[in-house]
Amino acid sequence: MFFKKKPKPTTPSASATSTAPPKVGRVFGTTWVESALNSDPDGLVPAPLRHAVGYIESNEEHMRMEGIYRTCGSRARVDELVEMIEAGKEPDWKWEVESATSLIIRLIATTETIWGDVKEAMVQNFDNLPVLGEIFSTLPLQNKESIRFLAQHLNRICCRSAYNRMTVENISICFGGSYALLLPIFISNIDTYFAHNSTVVFGISLQEAAVRSDPDGLIPSPLKVSLDFLDKHAGTPLLWQQSGSYSRVKELRLLFNSGQPVKYRPEEVCEATSLVLQFFRDTTDPLFDYPLLSAISALPPARGGPLHSLLPPPLPASSSTTTTTTASSSASPCTCTSASASTTTSDSASSTTNTDIIAAIRTALGHLPPINQAVTRRISQHLFLVVQARVAAHAPPTGGPPSQHSVILECRQLRAAVTHRRPPEINQAHKRWG
């Protein structure tokens, strides 16, 4: 009797991240640049990488998990996450670090190499850091920022090798191919050879953004260019209340992040205000510290201080920062228009109190870093122009006589943005799904 020979069992894939032939999609299986542009609000780092890293770094126990990146997640679960991301949905993590790490490896395995067209040149010069740094600078912006983002994340993982047993060499092997050769170089030298020439200005500290984009190192380019443009449109009704086109704002962010010159079109007033608000909300450190906020909030809202309650008084650029925040703004046109004969007596009775409060504002402002002082001065000057334009036009958005109160209501979003405090560095990767 003859028996059919049993077929040999197929060998299971080495890991759940080894995929079938890559399928071209919106995020996976395409070029690295397209993947970032299609999924990331900033168009810099593909959303799967940003979200997976954010989930891993959200908990110190995740970072210390033994064998992280070496332990594979369920292939079916990774496929499910890929489908969710391709459909534009946010992944619903279920306490599964292995799925997050496998998703990152899946992205790298199915997407065109992160090293771009200079992969061979990088491999040939992997032991020559100066040359490797020059080659790295020729990559597209999305590739450079993704390499920095991934290398900094892996560096933080390796700093916990006493817990997770993942050294630089061990974790690089998990990615295979050219990554096993090049990733150790970038992980070990990311802050020396590959981080100093970044042009990204959104989502970092105010100080770093100013150093990267301003020749004087004082005012970040998104604020300088946008406020210069908005000064010319200070009389626009509802200047800070309307939102600009999402696609155009995203395009402008990408231009600023790439270090290219930006010029607004005459009709892009709303886009300029939206970009300023986004810049402050994305920065990792607030413009004001708590002592200054406390001093500002002590000013009475109904007197000559509504403008002060939003920001310190206008600071002349020619004066020193510690002495320019004086009470001279109470002699501005907006103060004269908001005052009335019925309140003259009460104003003089409380002038001493206001003088003390403004002195406290000057003191607190003088303790801010120079960059924060310069940005505060620039914003205050712009808002002073807005008030002057309202007074000259005699037609505030809310109707009635022009007053500081109408401008304060209009600039409420700006106030919320400049006082916004971003979470610590470890939670920066949690960004809103694009």
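The values are calculated or read from the model by the stated rules, or taken from the named source; none is laboratory data. Here the structure is a predicted model, which is why all the values come from computation and not from measurement. Glycine also receives a Cβ, built like all others from the backbone with ideal geometry; neighbour counts cover every protein chain displayed. Heads up: the accessible areas ignore ligands, DNA and RNA and are worked out on the full protein's heavy atoms, side chains in. Shrake-Rupley method; radii C 1.70, N 1.55, O 1.52, S 1.80 Å.
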Inset, instruction - Filter the GluC sites (Glu not before Pro) in the stretch 24-78 to those in DSSP coil with at most 10 other Cβ atoms within 10 Å of their Cβ, and list the result. - result: E66
Inset, instruction - For the stretch 206-293, run through the GluC sites (Glu not before Pro) and keep only the ones in DSSP coil with at most 10 other Cβ atoms within 10 Å of their Cβ. - result: E267
Inset, instruction - Note down the magnitude of the dipole of the stretch 67-165 about its Cα centre, charges +1 on Lys and Arg C-beta and -1 on Asp and Glu C-beta and zero elsewhere, to the nearest 20 debye. - result: 480 debye
Inset, instruction - Filter the chymotrypsin sites (Phe, Trp or Tyr not before Pro) in the stretch 53-154 to those in DSSP coil with at most 11 other Cβ atoms within 10 Å of their Cβ, and list the result. - result: W95
Inset, instruction - Could you check how much of the accessible area of the stretch 144-288 is carbon and sulfur, as a whole percent, using a 1.4 Å probe? - result: 53 percent
Inset, instruction - State to the nearest 20 debye the size of the charge dipole of the stretch 172-289 about its Cα centre, where the only charges are +1 on K and R beta carbons and -1 on D and E beta carbons. - result: 340 debye
Legend entry - Distance violations [Cα-Cα > 25 Å] among K144/K232; K89/K250; K224/K250; K232/K263: K144/K232
